[in-house]
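Encoded as structure tokens, the structure appears first; notes follow it.
The values are calculated or read from the model by the stated rules, or taken from the named source; none is laboratory data. Keep in mind it's a predicted model, so treat the numbers as computed, not measured. Using ideal geometry, Cβ is built from the backbone for each residue, glycine included, and neighbour counts are taken over all protein chains shown. Surface areas here come from the heavy atoms of the whole protein model, side chains and all, with no ligands, DNA or RNA. Shrake-Rupley method; radii C 1.70, N 1.55, O 1.52, S 1.80 Å.
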Amino acid sequence: MDVQLKKGVLDVCVLYALTGGESYGYKIISDLHGIIDISESTLYPILKRLEAGGYLVTRTAEHNGRLRRYYRITALGQRKFVDGRNDMLEINTIYRKIFGGKV
Amino acid sequence: MTYNEWRDELKSNLLSVTETERRRVLDYYAEAYADRRDAGYSEREIIEYFGAPYDAAQRILCDFTDTSYTGARENAPSYSSYPSDHRETRREKRLREESIREDERMRENERRREDERIREEERIREDERRRIESERQAKQPAASAKSDNILLFVILCIILCVPITGLIGTLIGATAIIFAVPIGAVCCGIAVIVHGVALILQSSLAAGLFEAGAGVILIGIGIIFMPLCDKIIRLLWKALSSLFKWIKSLFCREAAV
């Protein structure tokens, strides 16, 4: 898959994983398993980029005697997710027009 | 590779980012590792999921060069914009501070280990250099002593060549003389026997028999003395050979030392 296209798709997928509420790294990967497989090494820069863009915020809380960082989608992130979903629908429409339902 | 080794390698590949960012990355992976361990994954499986530390570092570093990433930073919300109903508890703060201190302790230990390793390598290099130096010095005196011995030998040969030649000539002459005695006796005995037979044929029976007898005695003396002379000659040559061996041992002993 094209790098920029994949980046956009992964951003949407991660935001989708956060639409259900606050989450953390391993849980995001687990929730996306079956949709798209990503590793921690792929996820970290995505989370960093989304946080820097204001699409999510983080907090640190104690969990089982250690610290865990939680991520939560912001309103800006919700709008980005909706835009990303619409882009995917558009791509799907173009795909159907080109390939007519054939693989 | 253990997780700690993986993490150390990741850290070494992130030296170009700030300390804060590096710490955040390591915390992220520490958390991810702990979550997967809680989920039942083994250390080896987790490291396989994480991938090579170099690749993980490159993904992080490449993300820093993304221009869109840089532009969006200005709008990034600060930590305080998070819901104000959450405050970091004292326990969370203490855990965070303990984590920072632990990292500092580990960095200090790593620096100490690195210093010890460097000192050990220097010590080994110094020992090796001293060993090579002492070997080189040990060879030098032997080499110089050997060359001195050869020079002395040549000088002695030049000085003593006349007496040594005379000694060898004397020995050859003595050998010839000593061998000549029994051979001469045998030859004389044969000549006397022949003269005695001639006298007998000339009707001087008594004189002829006397001379024949004397000739036989001479031959007998010659034969008897031949082994004795052989022994004497062998002794003389052996003595000369021993003399030369003794002279050689004088030079070779110093070279062996």
Within the range B:184-223, work out how many residues are in contact (Cβ under 8 Å) with a residue 40 or more places away in the chain and open to solvent by 40 Å² or more (accessible area, probe 1.4 Å). 1
Would you point out which residue out of B:103, B:115 is at pLDDT 55 or above, within 60 Å of the chain's Cα centre (by Cα), open to solvent by less than 70 Å² (accessible area, probe 1.4 Å) and of a type outside the set (A, V, I, L, M)? B:103
Residues of the range A:66-93 being free of Cβ contacts under 8 Å to residues at least 24 places away in the same chain, basic (Lys, Arg) and within 9 Å of another protein chain (Cβ to nearest Cβ), which ones? A:66
For the subset of the range A:53-65 comprising residues that are open to solvent by 30 Å² or more (accessible area, probe 1.4 Å) and facing chain B (nearest Cβ under 7 Å), which member is farthest from the chain's Cα centre (by Cα)? A:62
Given A:18, A:50, which one is of a type in the set (A, V, I, L, M, F, W, C), open to solvent by less than 20 Å² (accessible area, probe 1.4 Å) and touching a residue at least 40 places away in the same chain (Cβ under 8 Å)? A:18
Tally the residues that are within 23 Å of residue A:57 (Cα to Cα), assigned to a helix (DSSP H, G or I) and aliphatic (A, V, I, L, M), restricting the search to the range A:73-103. 3
Check residue B:54 against each of (1) hydroxyl-bearing (Ser, Thr, Tyr); (2) open to solvent by 60 Å² or more (accessible area, probe 1.4 Å); (3) at the interface with chain A (Cβ under 9 Å from one of its Cβ atoms) and name the one condition it does not meet. (3)
Is there a residue being at pLDDT 90 or above and basic (Lys, Arg) anywhere in the range B:67-75? no
Looking only at the range A:24-41, how many residues end up being surrounded by fewer than 20 Cβ atoms within 10 Å (Cβ to Cβ) and closer than 20 Å to residue B:24 by Cβ? 4
I'd like the full set of residues that are within 11 Å of chain A (Cβ to nearest Cβ) and modelled with pLDDT of 90 or more, limited to the range B:7-25. B:10, B:25
Checking residue B:180 against (1) open to solvent by less than 60 Å² (accessible area, probe 1.4 Å); (2) in contact with a Phe, Trp or Tyr (Cβ under 7 Å, 6 or more places away or on another chain), only one condition comes out false. Which one? (2)
